[in-house]
Amino acid sequence: MTSYWHPFADMGAVEASGELAIVRGEGAYVFDSDGRRYFDATAGLWYCNVGHGRAEIAEATARQLRELAAYNNYGDLTTPAASELAERVAARAPVPASKVFFCSGGSDAVDSAAKLARRYWHQLGKPEKTVILSRTSSYHGVNGFGTSIGGIPPNRDGFGPLLDGTRVERDSADSLAETIDRIGAGNVAAFFCEPVVGAGGVFPPPEGYLEKVQQICREQDVLLVADEVITGFGRCGRWFASERFGLSPDLLTCAKGITSGYVPLGALIVSPRVAEPFFQPGVMWRHGYTYSGHAGACAAALANLDILEDENLVERAAVLERELLEALAPLAGHEHVREVRAGTGVLAAVALDGDAALSARVLRDLRSRGVLSRVLADGALQISPPLVSDRADFDALADAIAGAVDSAVVTREAGGEA
Ligand SMILES: Cc1ncc(COP(=O)(O)O)c(C=O)c1O
């Protein structure tokens, strides 16, 4: 073992059982240091939309780094890459004439959105509108606001008092309406909502839920924040899931698919309604990161958007959505599978009928069958492959999962090692 402290890791277990070093990627596959090939069932961490090993992105980034790696974008400064990327992202935004603010990842985008939502109401003379609502099972990153409002309890435990966040029932528009009434709309700044809950377990929205939520937010004058860190840039068969569900969010957070993970980058898309009070002379939103608009990261994103467009990967995602559902659905009939959630985007979860030890065994067995996945907050397997995967990959994935569950159950029943 080296000095490396892994993110979200039981380091004692990692020290005991060792690391898996991934050294190379190609399309929907990655390779470990022993040359073993794995299907990347999670697209890294929901990000590698265009697939691994894209020389175009590496070359565009290298060109930019040679020319100018970065320069700060505070005040009136910009770089051509940052300005062009803002235009390209705004052109795809669900609300026309949006502004685009850059940061370094999804957690930054979420915290920027929370601060801007509160600052917006302050600017409008309603400084008491500070409460931020979110959903149970939601994941909004690990920065201060994101940790506070997240809906996965273990991620909030043990940090002492966090910011005031209030969670509403995941799929209930009534719960949102009642909570706003209870707290008073005059105290509520925003409602944060993943169009499809991701890390909490892949839960697509029930029919009509998001539309109702949008209506409630409009009627109650609460800002709607779509957290599209996972769903943005094609994963739900549209550039943004908001478009699919008819949402015009006041703020939209994104990251991951904006560069397909080649370089870290996040963005906050701001509708004209929220941006307008800050685009007046003498007004400043005192917020920004050293790497806001980092030229190298923006160059990577531009090359990534070129690939998404040139290869019609967003349209392809709409086809893959159905193929993934068809391939995985039969697993629901497996004796030890509790549920398969799929059918909204290239996103799925296979929930096993067993405890965490069973999920861990299945993951280990999947590796030996050439598949890399991970376990989500509710114990289900995460399936969110690159948008360059195909039906044959999905069929092989379903076979591997069925085989891994069978052998994990046999090991459990034989009293084998966890
Ligand atoms: C919906 C959502 N929001 C925010 C984040 C945080 O993004 P990051 O890990 O890039 O900080 C994630 C990460 O998975 C996410 O899924």
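The values are calculated or read from the model by the stated rules, or taken from the named source; none is laboratory data. On a predicted model such as this, the values are computed, not experimentally measured, just so you know. Virtual Cβ from ideal backbone geometry, glycine too; neighbours counted across all protein chains shown. Heavy atoms of the whole protein, side chains included, go into the accessibility calculation; ligands, DNA and RNA do not. Shrake-Rupley method; radii C 1.70, N 1.55, O 1.52, S 1.80 Å.
Okay, which of the range 142-171 sit inside 20 Å, backbone N to the point 7 Å along the Cα-Cβ direction of Asp355?
From the range 142-171, the list is 154.
Which whole-number percent gives the relative contact order of the chain, counting Cα pairs below 8 Å spaced six or more residues apart?
Computed value for the chain: 22 percent relative contact order.
Of Trp46, Ala114, Phe278, whose Cα points farthest to the positive end of the dipole of the chain (charges on the beta-carbon: +1 Lys, Arg; -1 Asp, Glu; origin at the Cα centre)?
Phe278
Check each of the GluC sites (Glu not before Pro) in the range 164-261 and keep only those in coil by DSSP with at most 16 other C-beta atoms within 10 angstrom; list them in order.
Working: sites: Glu169, Glu178, Glu207, Glu211, Glu219, Glu228, Glu243; in loops: Glu169, Glu207, Glu228.
Hits after loop and neighbour filter: Glu169, Glu207.
Between Val142 and Arg273, what is the label-to-label distance in nm when each label sits 7 Å out along the Cα-to-Cβ direction?
The answer from the label model is 3.4 nm.
Could you sort the peptides 61-72, 378-389 by per-residue average Cβ neighbour count (10 Å cutoff), highest mean leading? Intermediate values should be presented prior to the final figure.
On the way: 61-72: 15.3, 378-389: 24.2.
Ranked by mean Cβ neighbours within 10 Å, highest first: 378-389, 61-72.
Quick one: pull the percent of accessible area on the chain belonging to carbon and sulfur, 1.4 Å probe, ligands and nucleic acids left out. Before the final figure, lay out each step's value.
Values: 9200 of 18080 Å².
That fraction is 51 percent.
Name the chymotrypsin sites (Phe, Trp or Tyr not before Pro) in the range 151-194 that are in a loop by DSSP and that have at most 10 other C-beta atoms within 10 Å, would you?
Passing both the DSSP loop test and the Cβ count: Phe159.
If r is the Cβ-Cβ distance from Thr411 to Val14 and R0 is 30 Å, what FRET efficiency results, to the nearest 0.05?
According to the calculation, E is roughly 0.90.
To one decimal place, what orientation-averaged projected area in nm² is obtained for the convex hull of the Cα set of the range 296-360?
Numbers: hull surface 25.4 nm².
Averaged projected hull area, Cα only: 6.4 nm².
Tell me, what is the percent relative contact order of the range 1-41, built from C-alpha pairs under 8 Å that lie six or more residues apart? Could you put the intermediate results ahead of the total?
Working: 32 pairs, mean separation 9.7, N = 41.
Reported as a whole number, the value is 24 percent.
For a test of the definition: using alpha carbon positions, the gyration tensor, and the 1.5 limit on a/c, classify the range 86-142 as rounded, prolate or oblate.
Oblate is the answer for the range 86-142, as a/c is 1.5 or above yet b/c matches or exceeds a/b.
Using only the alpha-carbon atoms, how far is helix 209-220 inclined from the longest principal axis of the chain? Give it as 0 to 90 degrees, nearest 10.
20 degrees
How far is helix 106-123 tilted off the main Cα axis of the chain, in degrees rounded to 10, range 0 to 90?
Helix 106-123 sits roughly 20 degrees off the main axis of the chain.
Of all alpha-carbon pairs in the range 122-196, indicate the percentage at a distance above 18 angstrom.
That tail contains 40 percent of the Cα-Cα pairs.
Provide Rg over Rh for the range 202-275; use the alpha carbon set for both Rg and the Kirkwood Rh (inverse mean inverse pair distance).
Ratio of gyration radius to Kirkwood radius: 0.99.
Going from the alpha-carbon gyration tensor of the range 192-330, what semi-axes, largest first and in whole Å, does one get by taking the root of 5 times each eigenvalue?
On the way: eigenvalues 149, 104, 28 Å².
Output for the range 192-330: semi-axes of 27, 23, 12 Å.
Looking only at Gly208, Gly25, Gly144, which one moves most when the chain is put into a Gaussian network model with springs between Cα atoms under 10 Å?
Judging by the Gaussian network model, the answer is Gly208.
Can you give the helix-only mean residue ellipticity at 222 nm for the chain, where every DSSP H stretch with n ≥ 4 adds -39500 (n - 2.57) and the sum goes over all residues, rounded to the nearest 500 deg cm²/dmol?
Counting only the DSSP helices, I get -11500 deg cm²/dmol.
Quick query: amide H of His52 versus all other amide H atoms, modeled in the peptide plane; which residues come in under 5 Å with a sequence gap of 5 or more or a different chain?
So His52 has HN proximity to Glu26, Gly27, Ala28, Tyr29.
Report the trypsin sites (Lys or Arg not before Pro) located in the range 273-365 that are in a DSSP loop and have at most 16 other Cβ atoms inside 10 Å of their Cβ, or state none.
Loop-located and lightly packed - Arg286.
Any idea what the dipole of the chain comes to, in debye rounded to 20, about its Cα centre with Lys/Arg Cβ at +1 and Asp/Glu Cβ at -1?
Result for the chain is approximately 940 debye, rounded to the nearest 20.
Considering the options Ile269, Val405, Val371, tell which one lies farthest towards the positive end of the dipole of the chain, charges being +1 on Lys and Arg and -1 on Asp and Glu at the Cβ, about the Cα centre.
Ile269
If the chain between Ala396 and Asp171 were fully stretched, how many nm would it gain, using 0.36 nm times the residue separation less the Cα-Cα distance?
77.8 nm
For the pair Tyr4 and Arg364, how long in nm is the line joining their label points, each one 7 Å along Cα→Cβ?
That separation, rounded to one decimal, is 2.1 nm.
What's the angle, to the nearest 10 degrees (0 to 90), between helix 356-368's Cα axis and the longest principal axis of the chain?
Helix 356-368 sits roughly 70 degrees off the main axis of the chain.
Rank Ser260, Ser33, Ser242 by mean-square fluctuation in a GNM of the chain with C-alpha springs under 10 angstrom and give only the top-ranked residue.
Ranking Ser260, Ser33, Ser242 by mean-square fluctuation puts Ser33 first.
Rg and Dmax of the chain, Cα atoms, in Å?
Reported Rg and Dmax, both Å: 21.5, 72.
Just the accessible area per residue of the chain, please: how many Å² with a 1.4 Å probe?
43 Å²
Just to verify a number: FRET efficiency for Ala69 and Ala332, C-beta to C-beta distance, R0 = 56 Å, to 0.05?
Working: r = 49 Å, r/R0 = 0.88.
The pair Ala69/Ala332 has a calculated efficiency of 0.70.
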